[in-house]
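The values are calculated or read from the model by the stated rules, or taken from the named source; none is laboratory data. Computed from a predicted model, the values in this text were never measured in an experiment. Please note: Cβ atoms are built from the backbone with ideal geometry, for glycine as well, and neighbour counts cover all protein chains shown. To get the accessible areas, we keep the full protein, side chains included, count just its heavy atoms, and leave off ligands, DNA and RNA. Shrake-Rupley method; radii C 1.70, N 1.55, O 1.52, S 1.80 Å.
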Amino acid sequence: MRIDGHTKLAFVLGYPVAHSASPVMHQAALAAAGINAVYLPWAVAPENLAGAVQGLRAMENLLGANVTVPHKEAILPLLDSLLPEAEAVGAVNTVIPREGKLLGDNTDGAGFLSALRQELECEVRGLTVAILGAGGAARAVATALAQAGASALILLNRTVDRATRLAELVASRHPACRVTVQFLQQHQKISHMADICLLVNTTSVGLHATDPPLFDYASLSTPILVCDLIYNPPETPLLRAARSQGCRASNGLAMLVHQGALAFERWTGVPAPIHAMREALGIYARGVFP
Ligand code: ATR
């Protein structure tokens with residue numbers, strides 16, 4: 001990598017951020033595309049987010065930035081405007097500098113759809129999808145799935161009220177998609193399992209080995225596709241249980257690659273070198289793409 005007076009800067013803002021695989025992936029993409037830029041992790045404590053955004057404004061050689069937990073919603077009022085995806089989801093994962101302004105975008109939902117299509121050969125139109133969780137990540141995934149023509153979404157969450165609010169939001173924007181809500185707890189079996197083609201975990205459960213299961217994983221009785229947005233550890237207990245019961249299973253690397261590719265394209269205007277991005281994640285990717 002050559003650094004000189006023309007080198008542009010890109011960041012991922014998060015707290016903590018050391019676990020992020022985005023720097024490895026994006027630096028490989030920049031190198032493969034021959035773009036003179038560096039992509040760095042930037043650990044920003046919540047109380048310093050406004051200052052960090054001011055810092056981005058001061059950087060005339062800013063290529064772009066990603067935003068991760070816990071800043072995806074808090075950054076909204078600090079930006080100049082939001083692109084429709086960020087507006088719809090109420091969260092930003094990508095900041096694009098344009099003519100002296102900072103635009104907020106969200107590539108999570110579109111990245112998830114691309115991952116389904118390009119990595120997992122899964123076409124969403126007409127599918128019934130179960131989504132575990134009802135937070136920000138669930139909002140991006142549910143909105144994208146409904147927009148892509150999923151015929152039904154089942155939102156499963158520990159806090160039913162939150163899932164109901166998300167269901168109302170999705171149903172108001174995509175009336176053709178049937179959205180229902182189910183209570184989720186440790187010993188619960190998923191009902192209507194036979195109707196479900198795809199199950200997506202958007203919660204943080206599975207990040208730590210000691211996390212109790214989200215539901216009774218033995219109720220994954222039919223051979224469906226199970227996606228976990230978590231990529232570290234590469235195989236969560238949910239994915240392990242899914243595989244052992246004959247399901248196809250994929251961790252969050254597939255989505256990481258594709259949301260990153262869309263961000264890369266918005267910053268640079270050139271096609272993302274997806275192959276280099278996948279390859280850069282190889283150390284994390286053992287056995288993740290089925
Ligand atoms: P994100 O923006 O990453 O989606 P979030 O908005 O905090 O994060 O949402 C986290 C989701 O994970 C929520 O659906 C949360 O359930 P609640 O709405 O009941 O809080 C879910 N979640 C987190 N920890 C959980 C746990 N231990 N058991 C079940 N669900 C959990």
Notebook entry, point to check: Does the range 202-238 hold any residues that are more than 16 Å from the ligand (Cβ to nearest atom), part of a loop (DSSP other than H, G, I, E, B) and open to solvent by less than 30 Å² (accessible area, probe 1.4 Å), and which are they?
Noted result: Leu220, Ile224
Margin query: Can you find, within the range 145-156, the residue that is farthest from the ligand (Cβ to nearest atom) among those that are crowded, with 24+ Cβ neighbours inside 10 Å and outside any loop (DSSP other than H, G, I, E, B)?
Written below: Ala146
Next item on the list: For the range 127-135, indicate whether the set of residues that are over 27 Å from Val181 (Cβ atoms) and buried (at least 18 other Cβ atoms within 10 Å of the Cβ) is non-empty.
Entry: no
Note to self: Anything in the range 248-259 that is open to solvent by less than 10 Å² (accessible area, probe 1.4 Å) and either among the polar types (S, T, N, Q) or over 13 Å from Phe112 (Cβ atoms) (or both)? List them, or say none.
What the structure shows: Ala249, Ser250, Asn251
Check: Does the range 104-124 contain any residue that is out of contact with any helix residue (DSSP H, G or I) (no Cβ under 9 Å at 6 or more places or on another chain), at pLDDT 95 or above and not in a helix (DSSP H, G or I)?
Finding: no
Check: Is at least one residue of the range 186-199 among the hydrophobic types (A, V, I, L, M, F, W, C) and within 13 Å of the ligand (Cβ to nearest atom)?
Finding: no
Next item on the list: Among residues belonging to the range 186-201 that are assigned to a loop (DSSP other than H, G, I, E, B) and open to solvent by 20 Å² or more (accessible area, probe 1.4 Å), point out the one that is modelled with the highest pLDDT.
Entry: Cys197
Notebook entry, point to check: So which strands (runs of 3 or more DSSP E) stay within the range 1-77 end to end and still have 3 or more residues that are open to solvent by less than 20 Å² (accessible area, probe 1.4 Å) and of a type outside the set (Val, Ile, Thr)?
Noted result: 8-14, 62-67
